[in-house]
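Okay, so here's the structure we're looking at.
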Amino acid sequence: MMGKWGKEKEVISLIIMTGVIKRDLKRLTACASVVIFLLIYGLTTLLNAPITTGHYTRSTITGATLKSERKGALLMSWHAKPTGGYDIYSTEGIENGMMIYYQMRAAGWTTEAISAVVGNICAEGGLNPWRWQSDIIVGPEDFWERTHGYGLAGFTPAGKYIEDTDAQEYPGYAPNYLNHPGQPSDGAAQIQFIMENPQYYQTHASYPLTFQEFSQSTESPSYLSDTWLYNFEQPAHPEDTQQYRRDCSEYFYEIFSGTPYIADGDIIPCLVAMKIIK
């Protein structure tokens, strides 16, 4: 007949076995999530068709395609046109985004921060350095009107950038306005203007990062997109385009880095997960 201690040992063994099973299930779940992700991502990359047109699509911007595009970045140049923006999947739109990336990365900005800036530029100037607000091209007499923004970031009023004496000395400075043809290289001068004028960045209560902190941040592109929206762009109705800016920021992060943004803890690598849970 089993004594009291024998029964207690049986209960303890059952508890230990249950704990081991739960632990192993956690390990299995963590590993399975990684395997599924890698299978899906690998299959997507494998099935990508080569680019044969002048436009990219979301399905072609992954893996080897991204690497080859980055290697060919030195062959890229700025694109510009008098009116309208560039589609984010177009060659012109992506190459302008890459031009911004390399210029800001060389200045020490993080990929996350640059992605956020470019995501906002999608909603402002439509990746077109010559873009005028409402596609109404004006002359010097209207540069300081609040209804006439200009450029990648929609500098408002336009004179803030066009008539800035320092900006006029930047490499590539060549704005396009009424009766004054510009050069696509004006995009480079505009980006330098953004980086060298932190006074136009005003910290918002909900987004406390300073300009310097923003440029070095590795927070998510979506969060930094919101930060740039409220602290730098400051449109009248930010909520109208907030989600679009976030989506563009994540999209360009994938182009710049070659992989989708994964926040800490979203996916734990299998071996690390097993070690942590052990």
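The values are calculated or read from the model by the stated rules, or taken from the named source; none is laboratory data. Predicted model only: the values in this text are computed from it and were never measured. FYI the Cβ positions are ideal-geometry reconstructions off the backbone, even for glycines, and counts take in every protein chain you see.
Couple of notes before you dig in:
- Qualifying residues in the stretch 72-100 (those that are touching a His at 6+ places or on another chain (Cβ under 6 Å) and hydroxyl-bearing (Ser, Thr, Tyr)) - the one surrounded by the most Cβ atoms within 10 Å (Cβ to Cβ): 90
- In the stretch 163-173, of all residues being out of contact with any helix residue (DSSP H, G or I) (no Cβ under 8 Å at 6 or more places or on another chain) and part of a helix (DSSP H, G or I), the one that is surrounded by the fewest Cβ atoms within 10 Å (Cβ to Cβ) corresponds to 169.
The rows are residues; the columns are (1) within 18 Å of residue 174 (Cβ to Cβ); (2) part of a helix (DSSP H, G or I); (3) free of Cβ contacts under 8 Å to residues at least 60 places away in the same chain; (4) among the hydrophobic types (A, V, I, L, M, F, W, C).
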{"residue": "122", "(1), (2), (3), (4)": "no, yes, no, yes"}
{"residue": "129", "(1), (2), (3), (4)": "yes, no, no, no"}
{"residue": "138", "(1), (2), (3), (4)": "yes, no, yes, yes"}
{"residue": "141", "(1), (2), (3), (4)": "no, yes, yes, no"}
{"residue": "145", "(1), (2), (3), (4)": "no, no, yes, no"}
{"residue": "148", "(1), (2), (3), (4)": "no, no, yes, no"}
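- Members of the stretch 193-214 found to be surrounded by 20 or more Cβ atoms within 10 Å (Cβ to Cβ) and touching a residue at least 40 places away in the same chain (Cβ under 8 Å), listed by number: 194, 214
- Per-region count, the stretch 216-253, residues under 15 Å from the mean Cα position of the chain (by Cα), closer than 24 Å to residue 157 by Cα and among the small types (Gly, Ala, Ser): 1
- One residue from 156, 147 being surrounded by fewer than 19 Cβ atoms within 10 Å (Cβ to Cβ) and among the hydroxyl-bearing types (Ser, Thr, Tyr): 147
- The stretch 174-231 holds helices (runs of 4 or more DSSP H) entirely within its bounds, and those carrying 1 or more residues that are more than 20 Å from residue 243 (Cα to Cα) and among the hydroxyl-bearing types (Ser, Thr, Tyr) map to 211-215.
- Restricting attention to the stretch 125-151 and to residues that are of a type in the set (S, T, N, Q) and within 26 Å of residue 94 (Cα to Cα), the residue that is nearest to the chain's Cα centre (by Cα) turns out to be 128.
- Criterion (without any contact (Cβ under 8 Å) to a residue 24 or more places away in the chain and of a type in the set (D, E, K, R)) met by exactly one of 239, 219: 239
- Flag if residue 103 is surrounded by fewer than 20 Cβ atoms within 10 Å (Cβ to Cβ), touching a residue at least 40 places away in the same chain (Cβ under 8 Å) and touching a helix residue (DSSP H, G or I) at 6+ places or on another chain (Cβ under 7 Å): yes
- Verdict on residue 120 being within 12 Å of the chain's Cα centre (by Cα), surrounded by 22 or more Cβ atoms within 10 Å (Cβ to Cβ) and closer than 22 Å to residue 176 by Cα: yes
- Residues in the stretch 232-278 that are modelled with pLDDT of 75 or more, part of a loop (DSSP other than H, G, I, E, B) and of a type outside the set (A, V, I, L, M): 234, 235, 237, 241, 258, 259, 260, 261.
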